[in-house]
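Engineer: Below you will find the structure I want to go over with you.
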Number of protein chains: 2
Amino acid sequence: MTQSHEELPPLGYLLTKLARATTVRFAAAIATLNVHPRHYGALVTLSQDASANQHRIAQLLGIAPSAMVTVIDELEAMGAVARLRDPKNRRQFILEVTAEGRTLLARATQLGNEVDDDVWGVLTPEDRAILHQRIAVVAGRLD
Amino acid sequence: MTQSHEELPPLGYLLTKLARATTVRFAAAIATLNVHPRHYGALVTLSQDASANQHRIAQLLGIAPSAMVTVIDELEAMGAVARLRDPKNRRQFILEVTAEGRTLLARATQLGNEVDDDVWGVLTPEDRAILHQRIAVVAGRLD
DNA sequence: TATTGTTATACTCTATAACTATA
DNA sequence: TATAGTTATAGAGTATAACAATA
């Protein structure tokens, strides 16, 4: 047990600081694809839960449903997502990630991984992989 | 080596998602002290680098120098920070964290740790301590 | 009457540029 | 001429509330 542990700022605070710095770099990287982090988040979430409607995606992303409209509008304009009326419930859309959307997601993820290399390069690959996996677990439990 | 690792979204993206959820909880917790996350960040940074002026703090926090003015104004109004003119260079201030400021920081940190318990409770204490330490290392290298 | 998506609007946050004083 | 702090202002981002279509 290290004595210094108690004196670290809360994990959540350190995370916020890191997230902010990382987002700036990530945003700059994917701007070359004409994609905003907002679009990336929606694409990731849509890919993970194909049955989600716009309200559900907004909830998962932690933003207002009204804010989703523009994001999906833009993804649709890029040809990354298609709005298909659900015949079972015509109030809502089935949000389909197109082949183009999957390609875009893959490219943005690649750029994100390069930013990761830059920011997290001080850790050994093993440490980083373990960290990555644990963060994924915790992030997945938030929903 | 796990095959699934390659398919995780970038660490930076997961972090941003976690940071967002955590900040909402942290902000709600420290609101009981009439403190905003912004104030907390400035207090932490000031405590870590006593010689920093407002421009330097803004740089470390990744915000515009003009945005610091209100933050320091509010911290001063709370009695948490004192602006003392530097006699060596009267353009800048020495920003002193008061005893009251240190108490406030400790209380807010305590609340932040409780939020951490809530969010990170799915990890074992050992895993979490290692994670915390590594995150602190990476966050510290950003400056 | 409730739900899904949408629009209109207001509010918060942040950045940019111009100003004062000091160097 | 450059730097530290400040002020004014504009832009981006976000949330809230009201609305239309559907259930």
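Rule-based calculations on the coordinates, nothing more; no lab input. All figures in this text were calculated on a predicted structure; none of them were measured in a lab. Here the Cβ is made from the backbone with ideal geometry for all residues, glycine too, and neighbour counts use every protein chain on show.
Engineer: Over all residues in B:128-137, what is the mean tally of Cβ atoms on other chains that come within 10 Å of each residue's Cβ?
Structural biologist: Values: counts 3, 5, 5, 8, 7, 5, 7, 10, 8, 4.
Mean partner shielding for this stretch: 6.
Engineer: One decimal, nm, shortest first: give the distances between the label point of B:Ala67 and those of the same position in the other copies, each label point 7 Å from Cα along Cα→Cβ.
Structural biologist: 1.5
Engineer: Cut-off is 10 Å between beta-carbons; in what order do A:His132, A:His39 appear when sorted fewest neighbours first?
Structural biologist: Values: A:His132 20, A:His39 23.
Least to most surrounded, the residues fall as A:His132, A:His39.
Engineer: Also, I was wondering about something else. Please compute the average number of Cβ atoms from other chains found within 10 Å of each residue's Cβ in peptide A:18-28.
Structural biologist: Values: counts 11, 12, 8, 6, 9, 5, 1, 1, 4, 0, 0.
Averaged over the peptide's residues, the number is 5.
Engineer: For B:Arg85, which inter-copy label distances result when the label point lies 7 Å beyond Cα on the Cα-to-Cβ vector, reported in nm to one decimal and in ascending order?
Structural biologist: 7.2
Engineer: Something else: Sorted from shortest, what are the nm distances separating the label point of B:Glu126 from equivalent points in the other copies, each placed 7 Å from Cα along Cα to C-beta?
Structural biologist: 1.5
Engineer: Follow-up. Report, in order of residue number, the helices in chain B meeting two criteria: a C-alpha extent of 30 Å or more along the helix axis, and a mean Kyte-Doolittle hydropathy of at least -1.0; treat each whole DSSP H run as one helix. Don't skip to the end; give the middle numbers.
Structural biologist: On the way: long enough: B:99-120 (31 Å, -0.52).
Helices meeting the span and hydropathy rule in chain B are B:99-120.
Engineer: A follow-up question, please. 5 Å is the cut-off here: which amide hydrogens, built 1.01 Å from N in the peptide plane, fall below it relative to B:Gln92, excluding neighbours closer than 5 in sequence?
Structural biologist: B:Asp86
Engineer: Here's something else I'd like to know. Where a Cα-Cα gap under 22 Å defines reach, which lysines qualify for B:Lys17, not counting those fewer than 8 residues away within the same chain?
Structural biologist: Candidates past the 8-residue exclusion: A:Lys17.
Engineer: When the helix-only estimate is applied to the protein assembly as shown (DSSP H runs of n ≥ 4, each -39,500 (n - 2.57), divided by the residue count), what is the mean residue ellipticity at 222 nm, nearest 500 deg cm²/dmol? Could you put the intermediate results ahead of the total?
Structural biologist: Details: 12 runs with 184 residues, N = 286.
Rounded to the nearest 500, it is -21000 deg cm²/dmol.
Engineer: To continue, here is another question. Along the Cα→Cβ direction, 7 angstrom out, place labels at A:Ala31 and B:Ala27. What is the inter-label distance in nm?
Structural biologist: In this crude spin-label approximation the distance works out to 2.4 nm.
Engineer: Additional query: Which far-off residues, 5 or more places away or on another chain, put their amide H under 5 Å from the one on B:Leu8, with H placed in the peptide plane?
Structural biologist: none
Engineer: Right, something else. In the range B:1-83, if the dipole is taken from +1 on Lys/Arg beta carbons and -1 on Asp/Glu beta carbons about the Cα centre, which of B:Val44, B:Gly12, B:Ala80 is farthest to the positive end?
Structural biologist: The Cα lying farthest towards the positive end belongs to B:Ala80.
Engineer: Name the chain A residue with the Cβ nearest the axis that maps A onto B: which is it, and what is the distance in angstrom?
Structural biologist: Checking which Cβ lies nearest the axis yields A:Ala19, 2.
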